[in-house]
Amino acid sequence: MARRLIRTVLLAGLLTALLGVAAAATIEVRDFDDPQLARRYTTLTHQLRCPKCQNETIAASASPIAADMRERVAAMLEAGRSDREIQDFLVQRFGEYVLYRPRLSPRTWLLWGGPFLLVGLGGVILAWRVRRRTAPRALDAAERRRLDALLDREDRS
Amino acid sequence: MTRRLLLLVPLVLFAGLAVFLYRGLNHDPVGRESALIGREFPAFSLATVADPDVRHDASLLAGKVTLVNVWGAWCPTCREEMPQLMALAEQGVRLVGVDYKDTREAATEFLDTLGDPFAVNLFDPDGTLGFDLGVYGAPESFLVDRDGIIRYHHTGAIRPENVEQEILPRVQRWRDD
């Protein structure tokens with residue numbers, strides 16, 4: 001039992017160390033005097049998509065264009081530009097493609113609204129089925145006669 | 001009967017999803033359209049590869065339909081498309097090069113060996129014009145009309161069939177316009 005615990009702890013430690021190495025290898029260190037700017041830099045670069053490497057953020061990508069974009073984001077932050085301005089600047093050049101969080105526009109209504117639409121639709125179907133199942137209905141005259149006949153036969157046998 | 005049809009709903013949903021995902025498999029996100037189509041060519045002020053003292057700005061593109069080609073001597077695909085660029089120049093298409101993140105020495109050697117189809121070659125060692133054009137990997141080409149508006153964008157090497165089917169017809173169209 002104790003041996004197993006030690007083994008698990010050691011393995012977890014090793015994995016954590018490896019993760020640290022991998023993360024440090026991709027991005028250069030960037031110093032901001034203002035911790036607020038550093039936080040915004042981290043958030044922004046993690047929400048922007050590298051145009052060259054498709055499924056990486058510019059924060060994680062090692063491609064030269066991602067490095068250029070990080071450089072621009074940092075410079076614009078230092079120059080006091082807003083997050084929105086920085087995003088607009090990059091979208092103008094590289095297209096909406098670079099936004100990992102697409103903006104709400106007629107083109108993305110379905111994307112943002114789709115999940116709610118589906119949940120709503122599911123709810124309607126569920127409500128309809130439940131209502132149909134629970135609502136008891138009075139027997140009509142023909143059905144009552146048939147029921148009486150069946151019960152009658154049962155009694156006699 | 002309607003109950004029976006209702007049983008088909010999962011199958012239809014599955015088929016729709018399969019078609020959607022199958023199309024995604026063959027969809028190449030690298031070839032997507034430039035954000036600059038229909039917009040003015042970005043402003044710049046750059047020296048040429050040939051002469052550090054000669055500077056050009058966006059007025060270089062005024063008045064003539066021009067194919068702007070972003071290249072670099074470090075880029076093997078750019079080497080591949082040079083014969084097509086030479087052919088375009090021979091057919092009278094005006095080409096302006098943007099030597100992207102390169103050195104003058106390497107660029108000059110490249111042009112000496114492979115030929116120089118460019119009317120002017122802008123020298124962009126820091127990639128600033130490339131960045132404003134949204135270039136994320138050379139080679140990329142932009143067709144600019146007489147008013148300096150970007151009309152067409154091609155990523156990757158220009159192949160012989162691209163010359164015939166895409167570029168020459170468009171050059172003609174914007175010349176006539």
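No value in this document is a laboratory result; all are computed from the given coordinates. Note that the structure is a prediction, hence the values are computed from the model and not measured. Using ideal geometry, Cβ is built from the backbone for each residue, glycine included, and neighbour counts are taken over all protein chains shown.
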Kindly identify chain B as rounded, prolate or oblate by the Cα gyration tensor criterion: order the square roots of the eigenvalues as a ≥ b ≥ c, call it rounded if a/c is under 1.5, otherwise compare a/b with b/c, prolate if a/b is larger, else oblate.
prolate
Using the beta-carbon distance between A:L147 and B:L6 and R0 = 35 Å, what value does 1/(1 + (r/R0)^6) give for FRET efficiency, to the nearest 0.05?
0.70
Once phi is turned into ³J(HN,Hα) by the Karplus curve 6.51 cos²θ - 1.76 cosθ + 1.60 with θ = phi - 60°, what whole-Hz value does each residue of segment B:46-57 show in order, with x for glycine and proline?
9, 6, 9, 5, 5, 9, x, 8, 9, 10, 10, 10
What number, in percent, do you get for the relative contact order of segment B:34-176 if the mean sequence gap of Cα pairs under 8 Å and at least 6 apart is divided by its residue count?
34
Within 10 Å of each candidate Cβ there may be at most 14 other Cβ atoms; applying that plus a DSSP loop requirement, which GluC sites (Glu not before Pro) in segment B:1-108 survive?
B:E33
What is the sum of charges around B:A89, taking Lys and Arg as +1, Asp and Glu as -1, for the other residues whose C-beta is under 14 Å from the C-beta of B:A89?
-1
Quote the charge dipole size of the protein assembly as shown about the Cα centre in Debye, to the nearest 20; the model charges only the Cβ of Lys and Arg (+1) and of Asp and Glu (-1).
3140
Any idea how far apart A:I125 and B:Q91 come out in nm if each label point goes 7 Å out from Cα toward Cβ?
5.4
Report the residues of segment B:113-156 in range of a label on B:V54: point 7 Å along Cα→C-beta, backbone N strictly under 19 Å from it.
B:113-125
For the protein assembly as shown, rounded, prolate or oblate, judged on the Cα gyration tensor with a ≥ b ≥ c (square roots of eigenvalues), a/c < 1.5 rounded, else prolate if a/b > b/c?
prolate
Go through segment A:59-119 and name the chymotrypsin sites (Phe, Trp or Tyr not before Pro) that are in a DSSP coil and have 13 or fewer other Cβ atoms within 10 Å of their Cβ.
A:Y100
Based on DSSP, what percent of beta bridges with both residues in the protein assembly as shown are antiparallel, to the nearest 5?
60
Relative contact order for segment A:43-89: what is it in percent, counting Cα pairs under 8 Å that are at least 6 residues apart?
26
The simple spin-label model distance between B:T113 and A:R103, using points 7 Å out along Cα→Cβ, in nm, is 4.5
Residues of segment B:57-86 with amide nitrogen under 18 Å from the 7 Å Cα-to-Cβ point of B:D126?
B:57-58
